[in-house]
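Encoded as structure tokens, the structure appears first; notes follow it.
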Amino acid sequence: MRITFLGTGSAMPTGERFQTGVLLSEDGRRLLVDCGSGVLHRLQQSGAGYEDVSTVLLTHHHLDHVADLLPLLKARWLAGEEHLEVVGPEGTKALLDDLLDVHDYLQDRVDLQVREVGAHEFEVAGFDVEGYETRHSLPTLAYRFDDRFTFSGDSEAFEGLANFADGSAVLAHDCSFPDDVDVANHPTPATLGEALSGVEVGRVYLTHLYPHTDGRQEEMLDSIAESYDGDVRFAEDLLSVEL
Ligand SMILES: [Zn+2]
Ligand SMILES: [Zn+2]
């Protein structure tokens with residue numbers, strides 16, 4: 001499985017990190033997880049392109065995770081691609097209905113299939129996925145793919161989510177802010193380190209980075225290392241990891 005980070009930023013632009021998107025590829029199968037602003041552009045830059053990405057799995061419905069959904073649909077329509085499947089938590093059908101109400105000229109341009117999933121096991125684009133409910137300001141699912149890669153979605157750090165990721169080769173976890181930012185619904189390095197202590201993960205990539213984290217990477221890693229001694233790195237847009 002290849003993991004390509006398309007967007008490692010958040011709702012506030014850093015100038016370098018686009019909003020959330022991760023591409024999973026294996027044996028010609030492709031799955032886009034989240035589709036925030038800039039992800040369509042990064043897909044093209046990554047060489048994967050949008051023509052071969054016909055399935056999107058959403059962690060939740062905040063704008064920085066769904067903003068490029070209709071741009072993706074429109075680009076696929078213009079390129080002559082006929083399908084798009086969007087999978088996500090409860091409310092995903094209503095979200096797509098509402099988006100297409102606003103941009104009604106895009107209705108029925110592609111064969112759009114929408115499926116809602118929850119905190120259970122399911123299959124999408126040939127990947128075996130398990131969902132897990134996170135702690136965020138909207139209902140959000142973390143996902144574990146083929147038992148090897150876990151993506152936290154947006155979430156506070158907590159033991160349940162860390163246990164859900166236990167044994168993964170790679171965990172990509174929200175680490176939105178440095179420790180001196182007073183924050184709810186997202187972790188700080190200290191809370192993430194504490195949650196991860198006691199679990200075994202091959203490597204942790206920090207993502208969903210606000211501009212507040214610019215120039216603070218070393219101290220954030222030091223803070224995590226106070227409680228967790230595993231391999232922790234910062235994700236970057238277009239970083240690609242082979243599992
Ligand atoms: Zn969010
Ligand atoms: Zn977000």
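Each value in this text was obtained by applying a stated rule to the coordinates, not by laboratory testing. The structure presented is a predicted model; accordingly, all values stated were derived computationally and were not measured. Neighbour counts are summed over all protein chains in view; Cβ atoms, including those assigned to glycine, are modelled from backbone coordinates with ideal geometry.
Restricted to segment 19-65, and to residues there that are under 10 Å from residue 6 (Cα atoms) and of a type in the set (D, E, K, R), the residue that is surrounded by the most Cβ atoms within 10 Å (Cβ to Cβ) is 34. Among the candidates 140, 191, the residue that is over 20 Å from residue 33 (Cβ atoms) and among the hydroxyl-bearing types (Ser, Thr, Tyr) is uniquely 191.
Among the residues of segment 74-118, those that are surrounded by 15 or more Cβ atoms within 10 Å (Cβ to Cβ) and touching a His at 6+ places or on another chain (Cβ under 9 Å) comprise 74, 76, 88, 89, 91, 92, 95, 110, 112. Cβ-Cβ contacts under 8 Å between residues 6 or more apart (or on different chains), taken from a first residue in segment 192-213 that is free of Cβ contacts under 8 Å to residues at least 12 places away in the same chain and farther than 24 Å from residue 238 by Cα to a second residue that is part of a helix (DSSP H, G or I) and within 16 Å of ligand 1 (Cβ to nearest atom), are absent. Filtering 122, 149 for residues that are surrounded by fewer than 21 Cβ atoms within 10 Å (Cβ to Cβ), more than 16 Å from ligand 1 (Cβ to nearest atom) and not small (Gly, Ala, Ser) leaves a single hit, 122. Within segment 170-177, one or more residues are over 22 Å from residue 64 (Cα atoms), more than 16 Å from ligand 1 (Cβ to nearest atom) and not in a helix (DSSP H, G or I).
Would you mind listing the strands (runs of 3 or more DSSP E) fully within segment 8-122 where at least 1 residues are closer than 23 Å to residue 171 by Cα and either in contact with a Phe, Trp or Tyr (Cβ under 6 Å, 6 or more places away or on another chain) or within 16 Å of ligand 2 (Cβ to nearest atom) (or both)?
Working: elements: 21-26, 29-33, 55-57, 83-88, 111-116.
In segment 8-122, the matching strands (runs of 3 or more DSSP E) lie at 21-26, 29-33, 55-57, 83-88.
With respect to residue 83, is the statement that it is in contact with a helix residue (DSSP H, G or I) (Cβ under 9 Å, 6 or more places away or on another chain) and within 16 Å of ligand 1 (Cβ to nearest atom) true? No; evaluated as a whole, the condition is false for this residue.
For segment 144-159, indicate whether the set of residues that are assigned to a helix (DSSP H, G or I) and farther than 16 Å from residue 60 by Cβ is non-empty. Break it down stepwise before answering.
So the first thing to find is which residues in segment 144-159 are assigned to a helix (DSSP H, G or I), and the list is 159.
Next cut, farther than 16 Å from residue 60 by Cβ only: 159.
Within segment 144-159, one or more residues are assigned to a helix (DSSP H, G or I) and farther than 16 Å from residue 60 by Cβ.
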